[in-house]
Amino acid sequence: MDEAKRLEIHAWLAKAQQDLRSAIWLISSPDHLYNAVGFHCQQAAEKSIKAYLTWQDEPFEKTHSLIALVSMCLHFDPAFEQLRQAAASLTPYAVTFRYPGELPELTAEEAEQAISFSRQVWEFVLKRLPPETFPEE
């Protein structure tokens, strides 16, 4: 793999890691910022999957739909089917909870589930990428 590609994958993963760490930090906030947890979990999953697609040299449009991104990954690895539930659960958190509307705030349990799904995506993708693309711990 050339250095430019390695650095691009690394950058996606570093941003994903930062979002996941932010979600974990936010869930313990006494302010109950659960909607922000959901947003960062969706972002971590999105950026993880985009790192994988970059590794596969698969161009992708600007989208927050994890469902669409997982579908793209299925062309390379049918095991991505395992991420459908996580994708369906996390996708709405990209936009829905960032703007005023009629939806209720996320609960603590939903925020915990979002972190669990986000970790699932993160770990799943890392198992499929070369270690030299991983961000520092």
Reciprocal of mean inverse Cα separation for the chain (Kirkwood radius, Å)
15.0
Could you state the angle between the C-alpha long axis of helix 34-55 and the longest principal axis of the C-alpha atoms of the chain, as a value from 0 to 90 degrees rounded to the nearest 10?
10
Compute the distance from the alpha-carbon center of the stretch 8-51 to that of the stretch 63-137, in whole Å.
10
Taking V121, V95, V70 and counting other C-beta atoms within 10 Å, the order from fewest to most:
V95, V70, V121
Ordering of 37-44, 23-30 by burial proxy (mean other Cβ atoms within 10 Å per residue, highest first):
37-44, 23-30
Connecting every pair of Cα atoms under 10 Å apart in the chain and solving the GNM, the largest mean-square fluctuation among L74, L106, L20 falls on L74
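Only the coordinates and a few stated rules stand behind these numbers; no lab work does. All values derive from a computational prediction rather than experimental measurement. As a convention, Cβ positions derive from the backbone with ideal geometry for all residues, glycine included, and neighbour counts pool all protein chains shown.
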